[in-house]
Amino acid sequence: MFFYLAQQTINALQLGSIYALIALGYSMVYGVLVMINFAHGDLFMLGAFACLLLAVLLPVHLPFVVILLLVMLVIGLLGALIERVAYRPLRDAPRVSAIITALGCGLVIENTTLSLSPYPQFLPTLFVSKTLTFAGLTITTLQILIIGVALGLMVGLDLLIRKTGFGMAMRAISFDAKTVPLMGIPVNRMISLTFFVGAGLGGAAGMLYGLAYPQISATMGVLIGWKAFIAAVIGGIGSIRGAVLGGFILGGVEVMAVAYLPSTYRDLISYSLLLAILIFKPYGLLGHPPNQKV
Amino acid sequence: MKKLIFCASALALAGLTGCGSGGSPSVKVGLNVELTGEMPAVGASSKNAAEMFVSQINTAGGLDLGGTKLPIELIIGDNGAKADQARTVAQRLISQDNVVAMVGPDASSCAIPASIVAETFKCPMISPWSTNSKTTLDEEGKPKQYVFRACFIDPFEARVLAKFVLNNIKAKTAAVLYDVASEAPNGQANLFKEVFEQNGGKVVAFETYTTGDRDFSAQLTKIKAQNPEVIFLPAYYNDAAGIARQARQQGITAQLIGSDAWSSPEIITLGGQDVDGSYFCNHYSTEIATPVAKKFVSDYTAKYGKAPDDVAALTYDAMGLITEAIRTAGKADRQAVRNALAKIPKYEGVTGTLQFQPGSGDPVKSAVILQIKDGKFVWIANGQP
């Protein structure tokens, strides 16, 4: 019984760490711009495709870490580009315009990918994964790698936000976007950087997801994107640690609902529970009510 | 472009002016298939087979309608493997493109909504691959008048598979993992459980997931804890390959069993070593082919550079049935074609001899069990319901 729980916990950690990585992108963007970047799920999908291109099309055999960094760089730049081209011109427009634009960007990315690759693709294994067994408990080296890389990226992000000038500027913008430029902080550059980092993490999540569940398709970002968005809301959108917490809670609830209850009711059970959390904590577990200005 | 060619040949043959509207220089047949979305390989096979069929008829001079030879014009719509889009495409084919009959959709989740449109507008429709009973039955369980299919139905397939597991594999315990949101897998899973348990087997785990899920680890861990001898996966080839991979990674060694939804060769590309040795139920095998089937397989292979899967074969038969019915009716009239289709005498198709049961859109036909072995589909047994 204990082993069963432990085994399911490993499954939950793997799924949760991927949700958490994507949720971070939603939360960071919301923090600085108070907008939901609905194209984020599709950037996640492009992360998996970027990995496919780098692993299959290049004649040289790149090591795992190099592919991961390249994927993060490419998707990060794309995220910043989308912000520059599509969101910045609308920054002072009504909130609805920005949301529609974000949805539109997502659809453009998704359908462009669909037209280039209508068939689901199979991501090759970048290294040979071994199944390890400890006293009845099985874990693959791939699972260890995915959970490890995801946790590493989250710790890195936390340090970036708490210890660097960029992090301080980002927190300042999310605290009071009107006053910050008066202090000489280049707001536009900071927002671009936020998109770069958020999209980069989403791209990394796409690559890890593609390695864990090796079949990738142009529409894979939709469902996962929504789920990660929900995770961000549960954790308290705008809160970095909240996004991580929300991701692990969602992954955990989904896996445990299947583990101990009829799997048919998985989504019903997990989302009812999450709704219940929002009733008691309307701003999410670690979120704050917006600053009231008198 | 294709339309232009068909129209041009229509002009040449029938000597009529005008194209499409006014008079009927061609016989229009609609194709409503899954070109994009969850199972694009299925739609592609249908499109290939239907286009090959049409070009064969048109090269031979066209369809003989009471003395005049008319070419067939194939109008293709993509339903994206989505229920609502399948309905819209059916509506467009019937009302706007004015087709005389429709072939498709392939997936039951699309064929059922499309069949309601066909029934409402009284337009004959044949689904090549939809095995769910509800495709040809209305909500009260009575047969629809205008909807037919070219394949066997789920209850039959479930019996064949349950008996095969019990009698040939000699397994007594089974687990089932299926997509609860998709019509055909859902129906097959429940019917398999029913028949398997009626005949002395035991289903030790009955687990579900939802369309679009890629993480099956929680369900597989649960199944592993019950240690079944076989795992029945009535899933489309995409999902099946993903599940097989994750099951093997978790160290599950149980024999995998699939439904006809596995029959795309894509499953071998995607699943590789993980699906090797698995058995599944299918509509036909290229190994026990009749002369008609042999000709189809060689024509298709020559044209597209790969062997046809069962969807291609069934689409070819569906096109054949429609054409035969139009020829018998002698005119491109929906009601006349429907009547001719229902009464078609034994039709010698690629997937065997077909005949519709009186008052039903379901044909009487047989099934085969295949095994995936060294990257090929190998014939194992004929289906015994």
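The values are calculated or read from the model by the stated rules, or taken from the named source; none is laboratory data. Please read these numbers as outputs of a predicted model, since none were measured by experiment. Every residue, glycine among them, receives a Cβ derived from its backbone with ideal geometry; neighbour counts consider all protein chains shown.
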Of B:LYS172, B:LYS193, which residue is within 14 Å of chain A (Cβ to nearest Cβ), charged (D, E, K, R) and either over 18 Å from B:ALA381 (Cα atoms) or in contact with a strand residue (DSSP E or B) (Cβ under 9 Å, 6 or more places away or on another chain) (or both)? B:LYS193
For region B:140-238, which strands (runs of 3 or more DSSP E) that fit wholly inside it have 1 or more residues that are farther than 30 Å from B:TYR316 by Cα? B:173-179, B:202-209, B:230-233
Within region B:192-214, of all residues that are surrounded by fewer than 22 Cβ atoms within 10 Å (Cβ to Cβ) and acidic (Asp, Glu), the one modelled with the lowest pLDDT is B:ASP213
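The rows are residues; the columns are (1) within 14 Å of another protein chain (Cβ to nearest Cβ); (2) touching a helix residue (DSSP H, G or I) at 6+ places or on another chain (Cβ under 6 Å); (3) more than 23 Å from A:MET220 (Cβ to Cβ).
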{"position": "A:GLN7", "(1), (2), (3)": "yes, yes, yes"}
{"position": "A:SER27", "(1), (2), (3)": "no, yes, no"}
{"position": "A:PHE49", "(1), (2), (3)": "no, no, no"}
{"position": "A:LEU52", "(1), (2), (3)": "yes, no, no"}
{"position": "A:ILE75", "(1), (2), (3)": "no, yes, no"}
{"position": "A:ALA80", "(1), (2), (3)": "no, yes, no"}
{"position": "A:THR112", "(1), (2), (3)": "yes, no, no"}
Could you pull out the residue among A:THR219, A:THR194 that is crowded, with 24+ Cβ neighbours inside 10 Å and within 27 Å of A:CYS105 (Cα to Cα)? A:THR194
Residue identified as touching a residue at least 40 places away in the same chain (Cβ under 8 Å), more than 22 Å from B:GLY61 (Cβ to Cβ) and in contact with a Gly (Cβ under 7 Å, 6 or more places away or on another chain) among B:SER366, B:SER360: B:SER366
So the check is Cβ under 6 Å with 6+ separation or different chains; which pairs have a first residue in region A:169-185 that's under 19 Å from A:PHE195 (Cβ atoms) and a second one that's hydroxyl-bearing (Ser, Thr, Tyr) and at pLDDT below 90? none
Those residues that are at pLDDT 90 or above and either over 17 Å from the mean Cα position of the chain (by Cα) or not in a helix (DSSP H, G or I) (or both), I need them from region B:249-267; list them, please. B:ILE252, B:THR253, B:ALA254, B:GLN255, B:LEU256, B:ILE257, B:GLY258, B:SER259
Any chance A:GLY206 is within 13 Å of chain B (Cβ to nearest Cβ), over 16 Å from A:ALA12 (Cα atoms) and touching a Phe, Trp or Tyr at 6+ places or on another chain (Cβ under 6 Å): yes
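Which is in contact with a His (Cβ under 8 Å, 6 or more places away or on another chain) and at negative phi, of B:ALA329, B:ALA313, B:ALA293? Can you show your working first?
Numbers: B:ALA329 fails: in contact with a His (Cβ under 8 Å, 6 or more places away or on another chain); B:ALA293 fails: in contact with a His (Cβ under 8 Å, 6 or more places away or on another chain).
One residue alone meets the criteria, B:ALA313.
What number of residues in region B:342-385 are of a type in the set (Lys, Arg) and in a loop (DSSP other than H, G, I, E, B)? It would help to see each step written out before you state the result.
Keep residues of region B:342-385 that are of a type in the set (Lys, Arg), which gives B:343, B:346, B:365, B:373, B:376.
Now narrow it down to the ones that are in a loop (DSSP other than H, G, I, E, B): B:343, B:346, B:365.
So the count comes out to 3.
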Here are some conditions: (1) surrounded by fewer than 20 Cβ atoms within 10 Å (Cβ to Cβ); (2) polar (S, T, N, Q); (3) closer than 21 Å to A:PHE229 by Cβ. A:GLN14 meets all but one. Which one does it not meet? (1)
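Any residue in region A:140-148 that is on the phi < 0 side of the Ramachandran plot, surrounded by fewer than 17 Cβ atoms within 10 Å (Cβ to Cβ) and part of a strand (DSSP E or B)? Step through it out loud before you land on a result.
Of the residues in region A:140-148, the ones on the phi < 0 side of the Ramachandran plot are A:140-148.
Filter again for surrounded by fewer than 17 Cβ atoms within 10 Å (Cβ to Cβ), leaving A:141, A:144, A:148.
Okay, now just the ones that are also part of a strand (DSSP E or B), so none.
The answer is no, given that none of the residues of region A:140-148 is on the phi < 0 side of the Ramachandran plot, surrounded by fewer than 17 Cβ atoms within 10 Å (Cβ to Cβ) and part of a strand (DSSP E or B).
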Residue count, region B:269-284, condition away from chain A (no Cβ under 14 Å), surrounded by 22 or more Cβ atoms within 10 Å (Cβ to Cβ) and either within 20 Å of B:ARG245 (Cα to Cα) or modelled with pLDDT of 85 or more (or both), comes to 6
Residues being of a type in the set (A, V, I, L, M, F, W, C), surrounded by 24 or more Cβ atoms within 10 Å (Cβ to Cβ) and within 9 Å of chain B (Cβ to nearest Cβ): count how many of those fall in region A:227-267. 2
Report, by residue number, each residue of region B:221-242 that is more than 11 Å from chain A (Cβ to nearest Cβ), hydrophobic (A, V, I, L, M, F, W, C) and either closer than 16 Å to B:ASP374 by Cβ or free of Cβ contacts under 8 Å to residues at least 60 places away in the same chain (or both). B:ILE231, B:LEU233, B:ALA235
Among the residues of region A:120-139, count how many are within 14 Å of another protein chain (Cβ to nearest Cβ) and either within 25 Å of A:ILE185 (Cβ to Cβ) or surrounded by 17 or more Cβ atoms within 10 Å (Cβ to Cβ) (or both). 6
Among the residues of region B:295-314, are any in a helix (DSSP H, G or I), under 30 Å from B:ASN238 (Cα atoms), away from chain A (no Cβ under 14 Å) and touching a Cys at 6+ places or on another chain (Cβ under 9 Å)? yes
Just one of A:VAL197, A:VAL180, A:VAL233, A:VAL187 is touching a Pro at 6+ places or on another chain (Cβ under 6 Å) and not polar (S, T, N, Q); which is it? A:VAL187
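Suppose we filter B:VAL176, B:VAL160 for residues that are of a type in the set (A, V, I, L, M, F, W, C) and at pLDDT below 95; which single one remains?
On the way: B:VAL176 fails: at pLDDT below 95.
So the residue among B:VAL176, B:VAL160 that is of a type in the set (A, V, I, L, M, F, W, C) and at pLDDT below 95 is B:VAL160.
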Here's a check for you: in region B:243-266, which residue that is more than 25 Å from B:LEU314 (Cβ to Cβ) and in contact with a Gly (Cβ under 9 Å, 6 or more places away or on another chain) is nearest to the other protein chains (Cβ to nearest Cβ)? B:ARG245
